[in-house]
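Worksheet: one structure, shown below.
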Amino acid sequence: KSFGGEGERTVVRPTFSTLGSYSISDDAMAQLVRISLKQVEGVAQMRHFRANKEPYGATFEITISLYYGYPAQEIMRAAQAQVAADVSQYTSINVLQVDIRADRLIAPSPEPIAYEG
């Protein structure tokens, strides 16, 4: 009997701690987090970043500035989730904690005035 389709697939995430070691620079991790934060509407910029290596993963301390007029708590919750998901997906690092602090509000840029001449 013939079955259609490709069958069943399984994706296995390798356990790096038992197979050796790998490293990622702090600058590369900061760039990944910066790109991740750009996906969250209301985040203006990342102002501070610190990654801490722990025995079973990593923790992150991030300071951001927000655009004025957005709900701060919702933006920071979304930013936490986005960073945790992206770091885990793209690096296979176990994200233990993402601490996000907003220390500045930025007025959004006004729309340019169209010149009719």
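All of the numbers you see were taken from the coordinates with simple rules; none came from a lab. None of the values given here were measured: they were computed from a predicted structure. Because the Cβ atoms are built from the backbone with ideal geometry, glycine has one as well, and the counts that use them run over all protein chains shown.
Taking the simple approach of a point 7 Å from Cα along Cα-to-Cβ for both GLU54 and TYR67, what is their distance in nm?
3.2 nm
Can you give the local net charge around ILE62? Use residues other than it whose beta-carbon is closer than 10 angstrom to its beta-carbon, Lys and Arg +1, Asp and Glu -1.
+2
Taking +1 at the Cβ of each Lys and Arg and -1 at the Cβ of each Asp and Glu, which of ASN94, GLN45, VAL33 sits farthest along the dipole of region 27-117 towards its positive end, judged by Cα position relative to the Cα centre?
Comparing the listed Cα positions along the dipole, ASN94 ranks first.
Taking square-rooted eigenvalues a ≥ b ≥ c of the alpha carbon gyration tensor, is region 21-100 rounded, prolate or oblate, where a/c under 1.5 means rounded and, failing that, a/b exceeding b/c means prolate?
Cα axes put region 21-100 in the prolate bin.
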